[in-house]
Amino acid sequence: MYFVFAADSPGWKLYLLELPPGPLKIYFKEAGIGYVVLPLCLPAAELEAAVQVPGLPWPGLAPELKAYFEGGREIRGSYPLLAGTYSAWTLKVLQLTAVIPFGETRTYGEIARLAGNERGARAAGQALGRNCTPLLIPCHRVLGAGKRLTGFGAGLAWKARLLALEGCSFRK
C-alpha cells in the first residue's frame, strides 16, 4: 500500500464486491482508495451519494479480497490509498501497521514504540481508529496488551473473524 496526497476531486465511486459474509464496499476516486467498508457495516454519511461502478481501476484488488475471505490468503498488491485528512502521527502509525505480515500481530504498545512514543499505546489505538481502509491497512492485526482483543471500528466480532482467517491467536 502507498499513500497518495491528491487534490480533492468531486464524486466518490462505489464498487460492491460480493463476498460470503455480504457485500464489501470500496469507495474510491481516480487517485486512490478512500474507504473499505466491511459487510454489514455502515459507510460514512458523505459517501451515500457515491456512484456505483462495475469495476475498479486496480484489476488485482477484487480477486485478492475475494481470495482473502474465501481462503485466508494474503493481500499482496500495492494499491493507492487516499491520505488527505490523516495527521503525521496517524500516517506513521498506519504505515507501521501496513507492514505487519499476514498471520502475525503486534500490540498497540509495540506500534507506539516503533512510532517513537514509548507510552503512546492509546494514541496508537486512536490513530488506528481513523483507518478508513481496513484489510488494506490491516489494523485488525493490532491487539491490546497480552494479545487481548480490543478496539476495531467494525466491532470485535469482525476483528476476531479476520484474525481467525489468518490463523492468529488472541485473548478475548
_Residue among ALA127, PRO101, PHE69 farthest towards the positive dipole end of region 65-137, charges placed on Cβ_ = ALA127
*Of all the accessible heavy-atom surface of region 1-125, with the other protein chains kept in place and a 1.4 Å probe, what percent is carbon and sulfur?*
54 percent
*Counting only residues 5 or more places away or on other chains, whose amide H sits under 5 Å from the amide H of CYS132 once H atoms are built in the peptide plane?*
none
_Nearest-ten-degree value, helix 88-98 long axis tilted from longest Cα axis of the chain_ = 90 degrees
*Binned at 10 Å from 0, what are the whole-percent values of the Cα-Cα distance distribution for the chain, short to long?*
10, 40, 37, 13, 1
*Where the centroid of each part is defined by its Cα atoms, how far is region 34-89 from region 129-151 in Å?*
16 Å
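For the ranges 50-59, 74-83, what's the packing order if you count other beta-carbon atoms within 10 Å of each residue, average per peptide, and put the highest first?
Answer by packing, highest mean first, reads 74-83, 50-59.
Any chance you could run the full-extension gain for VAL99 through ARG171? It's 0.36 nm times the residue separation minus the Cα-Cα distance, nm to one decimal. Before the final figure, lay out the partial values.
Details: separation 72, 0.36 × 72 = 25.92 nm, distance 2.24 nm.
Additional length available on full extension: 23.7 nm.
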*Just the accessible area per residue of the chain, please: how many Å² with a 1.4 Å probe?*
50 Å²
*In degrees from 0 to 90, rounded to the nearest 10, what is the angle of the helix 156-165 Cα long axis to the longest principal axis of the chain?*
90 degrees
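The values are calculated or read from the model by the stated rules, or taken from the named source; none is laboratory data. Given the structure is predicted, the values throughout are model-derived calculations rather than measurements. FYI the Cβ positions are ideal-geometry reconstructions off the backbone, even for glycines, and counts take in every protein chain you see. All accessible areas refer to the heavy atoms of the entire protein, side chains included, with ligands and DNA or RNA removed. Shrake-Rupley method; radii C 1.70, N 1.55, O 1.52, S 1.80 Å.
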